[in-house]
Amino acid sequence: MDESPHKLSRPEPGGAHETDVIIVGAGPVGLFAVFELGLLDLNAHLVDVLDRPGGQCAELYPEKPIYDIPGLPVVTGQELVDRLLQQIAPFHPTFHLAQLAESLERTDDKRFRLKTELGTVITAPVLVIAAGGGSFVPRKPKIEGLEPFEGTSIHYAVRRMDRFRGRDLVIAGGGDSALDWVLNLQPVAKSITLVHRRDDFRAAPHSVAKMRALVAEGKVRLEIADLKGVEGAEGQLSAVLCSSKEKGAYTIACTDLLPFYGLTMKLGPIADFGLNLHENLIPVDAEKFETSEPGIFAIGDINTYPGKLKLILCGFHEGALMAQAAFRIARPGERLVFLYTTSSTDLQKKLGVA
Ligand SMILES: Cc1cc2nc3c(=O)[nH]c(=O)nc-3n(C[C@H](O)[C@H](O)[C@H](O)COP(=O)(O)OP(=O)(O)OC[C@H]3O[C@@H](n4cnc5c(N)ncnc54)[C@H](O)[C@@H]3O)c2cc1C
């Protein structure tokens, strides 16, 4: 769910697109790369498996303060993401969210063609991997028999809210994602039952208060219980099995189960992009941050080189140098002039301030 105050350009999944640079990963480093590329007139499309931009900052510590971003003595993870989105808005990046970058091939004219799990195809002369610690993958409930229902009746992400219109949902979990989806899907679904093992929620206090108000109004059912199993046939759930001290074992009828038990990170399909890897990181040179494959760059937490520090500010520096090298590939024969944003009216026009 994209809750950013900035309107993002998000085409329907499944289309074909051409651009100057494909960026895999919309974490802070992928976002700032859009800025550095934009100053050089290079357009970017970003792909992220998460349904909102911001990577670790937005997903793991949105409300924690960061103290080592130059010029911002203190900024929370989400504020930094919002400021980056504001900063790159003049360059109109295109976001392909909630989809894993799945496969990569070279075209006959030596460009890269990236395909996502939702069938989106993006072609560009430059590919930038800003995939951080890898793609976020959902933690699944530790119960048997989930597989036959996954993707049809069990969902670890909400790709389209309308998919759940008029359905009987069980949402499991006690963090921000579980509570956000209870609040967002409540007007759409026929019924919502929230199942959590304790009557104590890790989610933002205002979300918990809103959820409790819906429970008091009888619009959401809250069950303090352990999720124990699922029932159904041919990919269609009919109920989940629960157990609690008070009620013992019991079932809740439903059409769909949405477990939100947090995320872990793994390198995922990037391991099959044909790049040299070192302990699941991508070795690059420290001049251009190019990988073993010409035209493919890796910036941010995903790369490794002598002296590498996994800091946001280092990723920003890597993005600036990568952009210079990307220009030479995307605009062969064109002259690259080094300019300051302070004094160049050309750059200021691109930023919409002159
Ligand atoms: C609790 C915590 C506190 C931190 N505090 C600080 C701090 O104070 N200062 C600091 O500088 N750093 C801090 N960090 C580290 C900082 O968050 C990372 O250095 C930074 O997020 C790296 O940015 P990135 O854009 O390289 O990667 P990420 O933020 O990891 O973003 C990568 C994105 O790529 C996506 N992705 C990966 N593979 C795929 C794929 N195949 N398809 C689609 N999408 C994919 C992921 O879903 C993710 O959104 C902290 C980290 C944590 C966990």
With all protein chains present, how much of the accessible area of the chain (probe radius 1.4 Å) comes from carbon and sulfur, to the nearest whole percent? 50
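From the gyration tensor of the Cα coordinates in the chain, what semi-axes in whole Å does the equivalent ellipsoid have, largest first, with each one equal to sqrt(5λ)? Spell out each step's value before the answer.
Details: eigenvalues 332, 95, 66 Å².
The equivalent ellipsoid of the chain has semi-axes of 41, 22, 18 Å.
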Please list, in order, the residues from region 231-255 whose amide nitrogen is less than 12 Å from a point placed 7 Å along the Cα→Cβ vector of residue 199. 246
Mind pulling the angle between the C-alpha long axis of helix 176-185 and the longest principal axis of the chain? Nearest 10 degrees, somewhere in 0 to 90. 70
Using C-alpha positions alone, give me the convex hull volume of region 196-354 per residue in cubic angstrom. 268
Roughly how many debye, to the nearest 20, is the charge dipole of region 287-354 about its Cα centre, given +1 on each Lys and Arg Cβ, -1 on each Asp and Glu Cβ, and no other charges? 180
Between residue 349 and residue 108, 0.36 nm times their residue separation minus their Cα-Cα distance comes to what? 83.2 nm
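According to the square roots a ≥ b ≥ c of the eigenvalues of the Cα gyration tensor, what is the shape class of region 112-231, taking rounded for a/c under 1.5, prolate for a/b larger than b/c otherwise, and oblate for the remainder? Could the numbers behind the result be given before it?
On the way: a/c = 1.97, a/b = 1.83, b/c = 1.08.
Prolate, because a/c is 1.5 or more and a/b exceeds b/c.
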I'd like the Karplus ³J(HN,Hα) series for region 67-72: coefficients 6.51, -1.76, 1.60, θ = phi - 60°, whole numbers in Hz, and an x wherever there's a Gly or Pro. 10, 10, 9, x, x, 10
Across all Cα atoms of region 179-238, Rg and the largest Cα-Cα distance (Dmax), in Å, are 12.8, 39
Value of [θ]222 nm, deg cm²/dmol, for the chain, DSSP H segments ≥ 4, -39500 (n - 2.57) each, nearest 500: -6500 deg cm²/dmol
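Mind checking Rg over Rh on region 49-145, alpha carbons, Kirkwood formula for Rh?
Details: Rg = 16.8 Å, Rh = 16.0 Å.
Checking Rg against Rh, the ratio lands at 1.05.
Shape call for region 98-170 from the C-alpha gyration tensor, a ≥ b ≥ c root eigenvalues: rounded (a/c under 1.5), prolate (a/b greater than b/c) or oblate?
In terms of gyration-tensor shape, prolate.
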Would you grab the residues whose amide H sits under 5 Å from the one on residue 230? Only those 5+ places off in sequence or on another chain, please, with H modelled 1.01 Å from N. 241
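Express the C-alpha Rg of region 232-314 as a ratio against the empirical globular expectation 2.2 N^0.38 Å, rounded to two decimals.
Numbers: Rg = 22.6 Å, N = 83, 2.2 N^0.38 = 11.8 Å.
In units of the 2.2 N^0.38 Å rule of thumb, it is 1.92.
Give me the 1.4 Å probe accessible area per residue for the chain, excluding ligands and nucleic acids, in Å². All intermediate terms of the calculation are to be shown ahead of the outcome.
Numbers: 16970 Å² over 354 residues.
It amounts to 48 Å² per residue over the chain.
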At the level of C-alpha centres, the distance separating region 269-318 and region 186-252, in angstrom, is 42
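Which of the pairs 266/350; 7/266; 64/266; 266/308; 64/310; 190/228 have their Cα atoms more than 26 Å apart in this structure?
Details: 266/350 37 Å; 7/266 29 Å; 64/266 23 Å; 266/308 20 Å; 64/310 17 Å; 190/228 23 Å.
Too far apart for the 26 Å limit: 266/350; 7/266.
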Angle between the chain longest axis and helix 77-88 axis [Cα atoms, degrees, rounded to 10]: 40
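Highest mean first, what order results for 23-34, 228-239 on Cβ atoms within 10 Å?
Values: 23-34: 30.3, 228-239: 15.2.
Per-residue Cβ counts within 10 Å, averaged per peptide and sorted highest first, yield 23-34, 228-239.
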Residue 305 accessible area, assembled protein chains, probe 1.4 Å, Å²: 40
Treating the beta-carbon of each Lys and Arg as +1 and of each Asp and Glu as -1, no other charges, what is the dipole magnitude of region 6-120 about its Cα centre, to the nearest 20 debye? 40
Going by amide H atoms built from the backbone, whose H comes under 5 Å of the H on residue 99, apart from near neighbours? 48, 49, 50
Karplus 3J(HN,Hα) series, Hz, for region 245-252 with 6.51 cos²θ - 1.76 cosθ + 1.60 (x for Gly, Pro): 4, 6, 9, x, 8, 7, 10, 10
Which one, 263, 220, 278, projects farthest toward the positive side of the charge dipole computed for region 136-287 from Cβ point charges (K/R +1, D/E -1)? 220
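The values are calculated or read from the model by the stated rules, or taken from the named source; none is laboratory data. Please read all numbers here as calculations on a predicted model, not as lab measurements. Cβ atoms come from the backbone with ideal geometry, glycine included; neighbour counts cover every protein chain shown. Just so you know, the surface numbers come from the protein's heavy atoms only, side chains and all, with ligands and any DNA or RNA stripped out. Shrake-Rupley method; radii C 1.70, N 1.55, O 1.52, S 1.80 Å.
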